[in-house]
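The values are calculated or read from the model by the stated rules, or taken from the named source; none is laboratory data. Please read these numbers as outputs of a predicted model, since none were measured by experiment. Reconstructed Cβ throughout: ideal geometry from the backbone, glycine too, with neighbour counts over all protein chains shown.
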Amino acid sequence: MDLHDEAKAAQDAARGEIQSCSSLEDVDAVRIKYLGRKGEITFLLRKLGKVPPEQRKEVGGLLNEIKVEIGSLIESRKQDLKQQKYASGASAEALDVTLPGRTFKRGRFNPTLKMMDDLVQIFVGMGFSSVEGPEIETEYNNFDALNFPPWHPSRDDHDSFYVGDGYVLRTHTSPAQIRVMKSQPPPVRVVVPGRCHRRDTPDASHLMSFYQIEGLYVDFDVSMADLKGTLAAIAHEIFGEQTRIRFRPHYFPFTEPSTELDISCLVCEGKGCRLCKHSGWLEVLGCGMVHPNVFEHVGYDPRKVTGFAFGMGVERIATLKLGIGDIRLLYENDIRLLSQF
């Protein structure tokens, strides 16, 4: 059999084998068998030098045509097999309308953000406006304008995050109240929700980054009775009408007099338990009448206007309201916890 006949025989054999391939692996094996470095067509091309010169052009042209044809048939067969595989897969995944429907898990708000939204809505319903302020504040707005003396420990590096000359990550949202009072005359009735930052060691009741809501009401005849009535209404709205409240004297640089608001323990109802440290009471927020020095910093006349301010940690409210024993659980994104709320 001469080279011409060998080429024809290889061509016929390759056609049949390519057509009978049932997988991409089979097609690749045929490609190697005929077109690989040691393949049959490659071997025949190497024998071309032994063909008589007058036949070499014809036989060489035939071998090249066969090589191109086999390559084309291989690619075509690959595409057919891929299409068949896709079609069979699509058929297997076809919608069966007789199957029961699938339920999808719904996302949940983080309890902290949900609680903050709920609190803001309560305040808005009482006539307060919600405002925001920057998280990077001037030392003046964060400390000086709020009557913090230069020696106050909260101004130290180990208590606050300083980010440059004269700037600090706000330690509370009260600086926004300074901005509001500077921008408008009384009356002022605002709440300021937002994130705050302090150099606290994280534990079951403290975080370095947390949310607060501060409230401010300033007008010409605001009294301590207004403060007590407002906070009592808020406590009953959040924790229920059966909740008892009390005010304890305290100290804050920006209010005078200053108090803290406690509620009766939600677990023991005032009888004493581990949660309330057997006192029967839980601390909720700090509050007081705005200090006259604060009014002077914003250009208000403390002889004519009075006001009250209060501030609460949103995570603190959320853990008490939802019965979560460790504040850090709010930020671990454990779906087992989040799915309960």
| remark: Those residues of the stretch 238-261 which are in contact with a Leu (Cβ under 9 Å, 6 or more places away or on another chain), under 17 Å from ILE122 (Cα atoms) and surrounded by fewer than 18 Cβ atoms within 10 Å (Cβ to Cβ) amount to GLY240
| PRO253: at pLDDT below 95 and within 14 Å of ALA309 (Cβ to Cβ), yes or no? | yes
| field | Residue satisfying all of: in the stretch 97-117; modelled with pLDDT of 80 or more and among the β-branched types (Val, Ile, Thr); farthest from LEU322 (Cα to Cα) among these | value | THR98
| query | Out of the residues in the stretch 202-237 that are part of a strand (DSSP E or B) and more than 22 Å from the chain's Cα centre (by Cα), which is surrounded by the fewest Cβ atoms within 10 Å (Cβ to Cβ)? | reply | ASP219
| query | Applying the selection to the stretch 275-290, what residues are over 18 Å from LYS321 (Cα atoms) and in contact (Cβ under 8 Å) with a residue 24 or more places away in the chain? | reply | CYS287, GLY288, MET289, VAL290
| Consider PHE128 against the criteria (1) among the aromatic types (Phe, Trp, Tyr); (2) in contact with a strand residue (DSSP E or B) (Cβ under 7 Å, 6 or more places away or on another chain); (3) farther than 30 Å from PRO186 by Cα: it satisfies all of them except one. Which criterion is unmet? | (3)
| task | Identify, from the list LYS38, LYS47, the residue that is in a loop (DSSP other than H, G, I, E, B), more than 30 Å from SER88 (Cβ to Cβ) and either β-branched (Val, Ile, Thr) or out of contact with any strand residue (DSSP E or B) (no Cβ under 7 Å at 6 or more places or on another chain) (or both). | result | LYS38
| field | Members of the stretch 1-35 found to be in a loop (DSSP other than H, G, I, E, B) and either basic (Lys, Arg) or modelled with pLDDT of 80 or more (or both), listed by number | value | CYS21, SER22, SER23
| task | At least 1 residues that are over 29 Å from the mean Cα position of the chain (by Cα) and either assigned by TED's automatic domain parsing to the domain that holds GLY313 or of a type outside the set (Val, Ile, Thr) (or both) in each: list the helices (runs of 4 or more DSSP H) lying fully within the stretch 85-201 that qualify. | result | 139-142, 174-183
| query | Which residue, of LEU285, LEU275, LEU261, is in the same structural domain as MET181 (by TED's automatic domain parsing) and part of a loop (DSSP other than H, G, I, E, B)? | reply | LEU275
| Members of the stretch 150-186 that are of a type in the set (Phe, Trp, Tyr) and either crowded, with 22+ Cβ neighbours inside 10 Å or under 19 Å from PHE252 (Cα atoms) (or both) | TRP151
